[in-house]
Amino acid sequence: MQDYDDEPVQRPRWLGWVIIIGMILVVLGLLNLGARMIIGTSSDQAAAQTVAAVAEHNPALMGGKTLIDGSDCMRCHGVERKFVGPGLVEIAERYKDRADAQTYLAQKIREGSVGEWGRTIMPRHPQVTEAQSLEMAQWIMALAGSKAP
Ligand code: HEC
């Protein structure tokens, strides 16, 4: 009877170690995730530097950034990174030698785009006024000269 009662309490010693190692791995995983969320990736840092450089050299253009942040743009675009659409720095680099880049992009923002970068469609933004789209385009184009190394 005595033996039978003791049975369930007995656990092989290795099981304790497996549980401890498992918990350590989970904690390390969470720390890794947390650190990434706080520090961000290096690409996020580069993007932040690029944006900060524009703010420093072209503070007058920051209204365009505010408009972009207030719209749905960043759901599909990253500053540097490509998501659904091209990164904004990529766009700026591509059109930097084009004289009418600002008005061209402003029109694209309002009317949408497809076929320039791939087959994904950028929807129209009829709620964005002409003046607002121009401000957005001016800020985007300012990113070209301010790309962080
Ligand atoms: C639903 C996703 C989506 C949203 C929202 C979106 N875009 Fe785009 N954007 C795209 C895609 C995809 C392309 C590439 C289109 C193409 O290949 O012609 C693009 C292209 C662009 C281009 C380059 C156009 C060209 O002719 O090269 C600009 C500038 C741009 N977007 C700005 C914006 C701005 C500003 C906003 C917010 C008002 C915005 N986008 C919102 C997906 C999006």
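Miscellaneous remarks
- Of the residues in segment 32-49, at least one is closer than 30 Å to L105 by Cα, within 16 Å of the ligand (Cβ to nearest atom) and at pLDDT below 95.
- Screening T66 against (1) within 16 Å of the ligand (Cβ to nearest atom); (2) polar (S, T, N, Q); (3) open to solvent by less than 60 Å² (accessible area, probe 1.4 Å) leaves a single unmet condition, (3).
- Contact map, segment 85-112: residues that are on the phi > 0 side of the Ramachandran plot paired with residues that are open to solvent by 70 Å² or more (accessible area, probe 1.4 Å) and more than 7 Å from the ligand (Cβ to nearest atom), Cβ distance under 9 Å, separation 6+ or inter-chain. Pairs shown: G112/R124.
- Qualifying residue in segment 83-91 (condition: under 13 Å from the mean Cα position of the chain (by Cα), over 26 Å from G145 (Cβ atoms) and more than 10 Å from the ligand (Cβ to nearest atom)): no
- Extreme residue, nearest to Q132 (Cα to Cα), among residues of segment 92-105 that are more than 9 Å from the ligand (Cβ to nearest atom) and either surrounded by fewer than 16 Cβ atoms within 10 Å (Cβ to Cβ) or of a type in the set (D, E, K, R) (or both): T103
- Of all residues in segment 106-145 being over 22 Å from G70 (Cα atoms) and within 19 Å of the chain's Cα centre (by Cα), the one that is most open to solvent (accessible area, probe 1.4 Å): W117
The values are calculated or read from the model by the stated rules, or taken from the named source; none is laboratory data. This one's a predicted model, so the numbers in the text were calculated from it and none came from an experiment. Note that we place each Cβ from the backbone using ideal geometry, even for glycine, and neighbour counts take in every protein chain shown. The protein model used for the area step is the full one, side chains on, heavy atoms only, and it has no ligands, DNA or RNA in it. Shrake-Rupley method; radii C 1.70, N 1.55, O 1.52, S 1.80 Å.
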